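A short write-up of the structure that comes next.
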Amino acid sequence: MTNGNNVPSIGQWMLYILVAGIPLVGFVMLIVWMLDKTNTARKNWASAMLIWMLIAYVLIFLFWGTFFAMMAGSMSGDYPTTM
């Protein structure tokens, strides 16, 4: 399936991306592939994907945290009325 220098084929890359997209299973598989010492290309790809996932989770947390903080602040009634 792989050529002489252990580079995955296009079909294998497609399978890796498909598996990585499955919630929870993909996260576990990315960790398994990141710890794999036999396939350097897949290991580097899995490491990069986990870094991007971490960045995305932090940004999502900040967005929703800011959104809910603004909603809670607007409902507290501490702002002046115009009447």
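Since every read-out is calculated from the coordinates, none of them should be taken as a lab result. No experiment lies behind these values; they were computed from the predicted model shown. Quick reminder, even Gly has a Cβ in these numbers, built from the backbone with ideal geometry, and neighbours come from all protein chains shown.
For residue 66 and residue 6, the FRET efficiency from 1/(1 + (r/R0)^6), where r spans their Cβ atoms and R0 equals 41 Å, is about 0.40. Computed over neighbours whose Cβ is under 15 Å from that of residue 46, the net charge equals +2, Lys and Arg +1, Asp and Glu -1.
The slack in the chain from residue 24 to residue 53, taken as 0.36 nm per residue of separation less the alpha-carbon distance, amounts to 9.2 nm.
Sites listed here are trypsin sites (Lys or Arg not before Pro) in segment 1-56 whose DSSP assignment is loop and whose Cβ has at most 10 other Cβ atoms within 10 Å: 37. Between the helical axis of 40-74 and the longest alpha-carbon principal axis of the chain there is an angle of about 10 degrees. Reported value for the chain: 121 Å³ per residue, from the convex hull of its C-alpha atoms.
Per-residue packing, averaged as other Cβ atoms within 10 Å, sorts the ranges 49-56, 60-67 into the order 49-56, 60-67, beginning with the highest.
Here the gap between residue 76 and residue 32, fully extended at 0.36 nm per residue and compared with their Cα-Cα distance, gives a gain of 11.2 nm.
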